[in-house]
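> First, the structure itself, so that you have it in front of you.
The values are calculated or read from the model by the stated rules, or taken from the named source; none is laboratory data. All of these numbers come straight from a predicted model, not from anything done at the bench. Every residue, glycine as well, gets a Cβ built from its backbone with ideal geometry; the counts of neighbours run over all protein chains shown. Side chains included, ligands, DNA and RNA excluded: accessible areas come from the protein's heavy atoms. Shrake-Rupley method; radii C 1.70, N 1.55, O 1.52, S 1.80 Å.
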Amino acid sequence: MTDFKPNTLPLTGRARADRRPHSLAEWQALGGYSAVEAALKLSPAEVVAQVAAARLNGRGGAGFPAAQKWRFMPEPGQSPGTGPSYLIVNGDEMEPGAFKDRLLLEALPHQVLEGAIIAAHATHATEAIVLIRDAYRPGIAAMEQAIQEARAAGLLGALSIRVHPSAGRYIVGEETALIEALEGNRAMPRKRPPFPAASGLWGRPTTVNNVETISLVPHVISMGPEAFSGLSWTDEGGTKLYGVSGRVKRPQLIEAPMGTTARELIERCGGVSGNGRLLTFQPGGGATGFLGPEHLDLPLDFGHVARAGSMFGTGTLIVLDETACPIGAVARHMRFYARESCGWCTPCREGLPWASRILDALEAGTASAADLDALRMIAAEAGPRGRAFCDLMGGAMAPLASALARFGDRFEAHLTGGCPQRRLA
Amino acid sequence: MSLSPDLLARIRDASAHHGGPRAAMLEALRMIQQEHGWVSDAHLAEAAQTLGVGLAEIESLATFYSLIFRQPVGETVILLCDGVSCWLNGAEEVRDALMARLGIGFGQTTADGKYTLINIACVGGCDRAPAAVVGRDRRLVGPLSPEGVAELLEGGL
Ligand SMILES: Cc1cc2nc3c(=O)[nH]c(=O)nc-3n(C[C@H](O)[C@H](O)[C@H](O)COP(=O)(O)O)c2cc1C
Ligand code: SF4
Ligand code: FES
């Protein structure tokens, strides 16, 4: 921990300020593909062991240990039937407040590709697919170019890899919905188990990892697992590509040791804007519960944030100063999640628009005390995991439930005349 | 206007996709949209026939994805972010200025066929909030301001 050098930015250190991606030759001149060469000399089990020792947790939202997920993948011949095994790189990034994978795809496509080659080797995957959302066309173009160059140079070996551009809809990012999307179906989540490693894309063994997770993999190999895990301030290895947006003076992405505090991140953004005083922040995008000024010195990693009662999610902070209305923020989040519900299960399809209507009414000053009771009921009944088919609804309830707990008096204040902040403005 | 022989050939190519024609449906829709700006009923039927999939199947896919357009759109599609980080930085003022200037609401196209305005969240430009992505290459623009809207539009996006 003590040997962390602030200028060690394995993930983003090579990105250009204008985000122009490197050509293959330029990337190789910066040391690119040496990690691939080293990893391919190791057995898949050895690569998995290094990733385990590096304590690399998935960066897609849940923080699941990458090595543990990879170990579920069967060796060739050990799964029933025949056909490919798949590695899917999840670049759907649509969470409100999340803007990290955009940089990695746009500016550092060869790094993603290196990670994909190594991860495919470790998981016995014969085919890799990088799914990227339509709004990230610059990232789609950069990845396609990188793949073409690497293929021409013979760097892909037997691995077949392609980009799948998506076409909107947040639910596509949920891993089983993503698999449905790739099969040509409407992207509705699947029941788990079976988990994708047992039966994923076209019933074949499949691993889904986030773009940032995959981009970190080459650094585990090239730095070695001890040095990699030592980049962190906590027991979750590596650096994290944090993001800070909302009411800060200079919103930005910041690569920093895992476990960096909100205080430091916000300071590096020039401090809180608005009236300059922090009201609250979401630690990891829209689907995470609000934390407060008392959490400014909390190390931000999956474990610490979960123990503080929220979720680390995408690790991209949304900051509200005292003049920002948390009810307004929740109202906009809820509109988003209601709009993006896939409609499969009733609590989500009906509950989210209901909550959204009440929040809008609160803001407009037309909500009644009974509406607020209904909102509390929705949060209590629909909030717990397992009440809906997938985690979209639980994610939507996280900001609502935490805002109700933290800012109950402000909700009440909206009952007479709508948003007090708006009346002040 | 029916699909060009070249486009039909590319759709046929896509149907050789290793996932089969079903898995190629979205690819086909994207190709049609790339060329025509949107996907009409007639084009949808042609694509279904070319791929050998049911019309209802491809239609259910086309209506699921928010960025497959089932009605004509303007030359330039503006995807304006309505996510929270943009809202915290004045996105609704930008929205109002843009709507006033263009004379349209979300989901609508200007009478001259130049612009279509769509709300979306988030566009991954929270560090440039309020942000939007514009045009075929989905260029990120921001931070936007109500005063800057006119200039932005005159700059030809
Ligand atoms: C509604 C919903 C949307 C999601 N969107 C994304 C996404 O855009 N990108 C992503 O990497 N993971 C997303 N996830 C998480 C994925 O299901 C999956 O856990 C993740 O891709 C695994 O990657 P990791 O193990 O590297 O973290 C989403 C989950 C849910 C429930
Ligand atoms: S929780 Fe929502 S998004 Fe998830 S399956 Fe149910 S309706 Fe679909
Ligand atoms: S919230 Fe608007 S770009 Fe992220």
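> Say the cut-off is 23 Å between C-alpha atoms; which of A:Lys69/A:Lys191; A:Lys249/B:Lys114; A:Lys100/B:Lys114 go over it?
Beyond 23 Å between Cα atoms: A:Lys249/B:Lys114; A:Lys100/B:Lys114.
> What residues in segment A:166-185 lose 30 Å² or more of accessible surface when the other protein chains are added to their chain alone (1.4 Å probe)?
Checking the loss per residue gives A:Ala167, A:Arg169, A:Gly184, A:Asn185.
> Determine the relative contact order of segment A:326-424: mean sequence separation of Cα pairs under 8 Å and six or more apart, normalised by residue count, in whole percent.
It rounds to 35 percent for segment A:326-424.
> Once phi is turned into θ = phi - 60°, what whole-Hz ³J(HN,Hα) does the Karplus curve with 6.51, -1.76 and 1.60 give for every residue of segment A:373-389, x standing for Gly and Pro?
4, 4, 5, 5, 5, 4, 4, 6, 7, 9, x, x, 4, x, 8, 10, 6
> While we're on this one: Shape of segment A:24-229 from its Cα gyration tensor (a ≥ b ≥ c, root eigenvalues): rounded if a/c is under 1.5, otherwise prolate when a/b > b/c, or oblate?
Taking the square roots of the gyration eigenvalues as a ≥ b ≥ c, segment A:24-229 is rounded.
> Turning to a different aspect of this structure: Using the heavy atoms of the protein chains alone and a 1.4 angstrom probe, what is the accessible area of segment A:239-321 per residue in square angstrom?
About 28 Å² of surface per residue is accessible.
> If the elastic network links every pair of Cα atoms under 10 Å, which of A:Ala369, A:Ala331, A:Ala53 fluctuates the most in the Gaussian network model of chain A?
A:Ala369
> Further question on the same structure: Could you rank A:Thr82, A:Thr261 by how accessible they are, 1.4 Å probe, largest area first?
A:Thr82, A:Thr261
> What accessible area per residue comes out for segment B:1-113, rounded to a whole number of Å², with a 1.4 Å probe?
43 Å²
> What is the mean number of Cβ atoms from other protein chains located within 10 Å of the Cβ atom of each residue in peptide A:132-144, rounded to a whole number?
Across the residues of A:132-144, the mean count of other-chain Cβ atoms within 10 Å is 4.
> Which of the trypsin sites (Lys or Arg not before Pro) across segment A:329-425 are loop residues per DSSP, with 12 or fewer other Cβ within 10 Å?
A:Arg385
> How many percent of DSSP beta bridges within segment B:76-153 run antiparallel, rounded to 5?
Of those bridges, close to 55 percent are antiparallel.
> Isolated Cys in the protein assembly as shown by the 4.7 Å beta carbon test?
Lacking a cysteine Cβ partner under 4.7 Å: A:Cys269, A:Cys325, A:Cys342, A:Cys345, A:Cys348, A:Cys390, A:Cys419, B:Cys122, B:Cys126.
> In segment A:26-102, what trypsin sites (Lys or Arg not before Pro) fall in a loop by DSSP, with at most 13 other Cβ atoms inside 10 Å?
A:Lys41
> Can you find, among B:Ala132, B:His36, B:Leu153, the residue farthest towards the positive end of the dipole of chain B? Put +1 on the C-beta of Lys and Arg, -1 on that of Asp and Glu.
Going by the charge dipole, the pick is B:His36.
> Then there is this: Principal axes first, then extents: for the Cα atoms of chain A, list largest minus smallest coordinate on each axis, whole Å, largest first.
So the extents along the principal axes, rounded to whole Å, are 68, 47, 34.
> On to the next question. When the accessible area of the protein assembly as shown is split by element with a 1.4 Å probe, what percent falls to carbon and sulfur?
Here it works out to 53 percent.
> Taking the simple approach of a point 7 Å from Cα along Cα-to-Cβ for both A:Glu381 and A:Gln28, what is their distance in nm?
6.3 nm
> Mind listing, in residue-number order, the residues in segment B:19-41 that have at least 10 Å² less accessible area with every protein chain present than in their own chain alone (1.4 Å probe)?
When all protein chains are present, B:Gly19, B:Arg22, B:Ala23, B:Leu26, B:Arg30, B:Gln34 each give up 10 Å² or more of accessible surface.
> I'd like the Karplus ³J(HN,Hα) series for segment A:396-413: coefficients 6.51, -1.76, 1.60, θ = phi - 60°, whole numbers in Hz, and an x wherever there's a Gly or Pro.
So the Karplus estimates, Gly and Pro as x, are 5, 7, 4, x, 5, 4, 6, 5, 4, 5, 7, 10, x, 5, 5, 4, 4, 4 Hz.
> How big is the A/B interface in buried accessible area, both sides summed, 1.4 Å probe, to the nearest 100 Å²?
That pair of chains buries around 3600 Å² in total.
> Taking amide H positions as placed 1.01 Å from N in the peptide plane, with prolines and chain starts having none, which residues 5 or more places from A:Asn210, or on another chain, fall under 5 Å of its amide H?
A:Arg59, A:Gly60, A:Asn90
> Taking a probe of 1.4 Å, how large is the accessible area per residue of segment A:326-424, in Å²?
With all protein chains present, segment A:326-424 gives 42 Å² per residue.
> Place a +1 charge on the Cβ of each Lys and Arg in segment A:326-424 and a -1 charge on the Cβ of each Asp and Glu, then give the dipole magnitude about the Cα centre in debye, rounded to the nearest 20.
For segment A:326-424, the charge dipole is close to 220 debye.
> Which cross-chain or sequence-distant (5 or more) residues have an amide H under 5 Å from the amide H of A:Val130, H modelled 1.01 Å from N in plane?
A:Val89, A:Arg162, A:Val163, A:His164
> For Cα pairs less than 8 Å apart in space and 6+ apart in sequence, what is the mean separation divided by the residue count of chain B, i.e. the relative contact order in percent?
Relative contact order of chain B: 19 percent.
> Same structure again: Please name the residues of segment A:233-270 whose accessible area, counted over protein heavy atoms with a 1.4 angstrom probe, falls by no less than 10 Å² between the chain alone and the full protein assembly.
The answer is A:Ser245, A:Gly246, A:Arg247, A:Pro251 - residues whose exposure falls by at least 10 Å² when every protein chain is included.
> State the antiparallel share, in %, of DSSP beta bridges confined to chain B, rounding to the nearest 5.
Taking every DSSP beta bridge within chain B, about 55 percent pair in antiparallel fashion.
> At 0.36 nm per residue, and after removing the present C-alpha to C-alpha distance, how many nm does the segment from A:Ala405 to A:Arg422 gain when stretched out fully?
Here the answer is 3.9 nm.
> Here is a follow-up. Would you calculate the separation in nanometres between label points at A:Ala374 and B:Ala9, each defined as 7 Å from the Cα along the Cα-to-beta-carbon direction?
Each label point lies 7 Å from its Cα, and together they span 5.9 nm.
> I'd like the antiparallel share, as a percent to the nearest 5, of DSSP beta bridges with both residues in the protein assembly as shown.
Once the DSSP bridges in the protein assembly as shown are tallied, antiparallel ones form about 45 percent.
> With chain A treated as a Gaussian network of Cα nodes joined by springs under 10 Å, which of A:Ala150, A:Ala380, A:Ala107 yields the largest mean-square fluctuation?
Its mean-square fluctuation being the largest, the pick is A:Ala380.
> While we're looking at this one, here's another question. If a/c stays under 1.5 just call it rounded; otherwise compare a/b with b/c (prolate if a/b is bigger, oblate if not). Do that for chain B, with a ≥ b ≥ c from the square roots of the Cα gyration tensor eigenvalues.
In terms of gyration-tensor shape, prolate.
> If I build a Gaussian network model for chain A, linking alpha-carbon pairs within less than 10 angstrom, which residue out of A:Gln28, A:Gln78, A:Gln252 has the largest mean-square fluctuation?
Comparing A:Gln28, A:Gln78, A:Gln252 in a Gaussian network model of chain A, the most mobile one is A:Gln78.
> What percent does the relative contact order of chain A come to when contacts are Cα pairs within less than 8 Å and at least six residues apart?
Relative contact order of chain A: 16 percent.
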